[in-house]
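Please read the structure below before turning to the comments.
The numbers here are math on the coordinates, done by the rules we state, and not lab data. In this text, all values refer to a predicted model and were calculated from it rather than measured experimentally. When we count neighbours, we look across all protein chains shown, and the Cβ atoms used for this are built from the backbone with ideal geometry, even at glycine.
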Amino acid sequence: MRNKNIKYPWLHGAAAKQQFITLLLIGLMLVSGSAFAAEVTIYAGYRGGGDFNDEITGETISLDEGGSAGIILNVPYSHVTEMEFMYSTQPTKLVAEGAAVNDMDIKVDYIQLGGTYLFPRENVTPYFVATLGVVHFNPEGLDSENRFSFSLGAGAKIPFAKRVALRLEGRAFMTSLSSGGALFCNNSQCSITASTSLFAQLEASAGLTVKF
């Protein structure tokens, strides 16, 4: 464990909730101002990847891969573009043999706002998606952390009813970490000093989309 030299007051749970509410309100305002029908997708996925390299010990602390779930709100901006609000969550564990945080429960939440570009076809609509936002790390018994993140992905919407479609997607989440920055702290003592500036995860998902 080591001292956390710099404290970030905006990196705690209450701040994360406020950011989530703010983005949700923005999404709702987009819906109310749109001339097109909005879409809501509830999805389940599988998320893997995510390593923290400790610059002091040289150890690698990883996130265990596993299931994820989320909700996506899309508001058409034109016939081929959409604004997107996304919330995605994954309950998982830290994996670090011999480290104090090994097998510790952690929840990883992404809160994102961005857009999609559509390529409409007769029976399927492929798309690209890009978003910006925050990731919220919430390890059990330690301070939660927020970091800037963004995502890039591609997928397809396959309609099987007038207002219902299957949404299949692959997405990469990337998070900015400050080299030398402390993570997973408690009482100013921290478990990791990150040596890398980028944290990445990959997610494959399938969801049910309903148009309103």
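Between Lys162 and Phe119, what FRET efficiency follows from the Cβ-Cβ distance if R0 is 30 Å, with the result rounded to 0.05? Given R0 = 30 Å and the Cβ-Cβ separation, E is 0.90. Other residues within the sphere of radius under 9 Å centred on the Cβ of Val134, judged by their own Cβ, net out at 0 (K and R +1, D and E -1). Computed from backbone phi with θ = phi - 60° and the Karplus coefficients 6.51, -1.76 and 1.60, the 3J(HN,Hα) list for segment 81-86 is 10, 9, 8, 9, 10, 9 Hz; x is used for glycine and proline. Between Glu140 and Asn187, the simple label model (points 7 Å from Cα in the Cβ direction) yields a spacing of 2.0 nm.
Cβ under 15 Å from Val164's Cβ, Val164 left aside: what net charge do those residues give with Lys, Arg +1 and Asp, Glu -1? So the environment of Val164 carries a net charge of +4.
Once the chain from Ala130 to Asn102 is taken as fully extended at 0.36 nm per residue, the excess over their C-alpha distance is 6.8 nm. At full extension, Ala37 and Met174 could sit 46.3 nm farther apart than now, given 0.36 nm per residue minus the alpha carbon distance. Sparsely packed loop sites in segment 129-177 (the GluC sites (Glu not before Pro) outside DSSP H, G, I, E and B with at most 13 other Cβ atoms within 10 Å) comprise Glu140.
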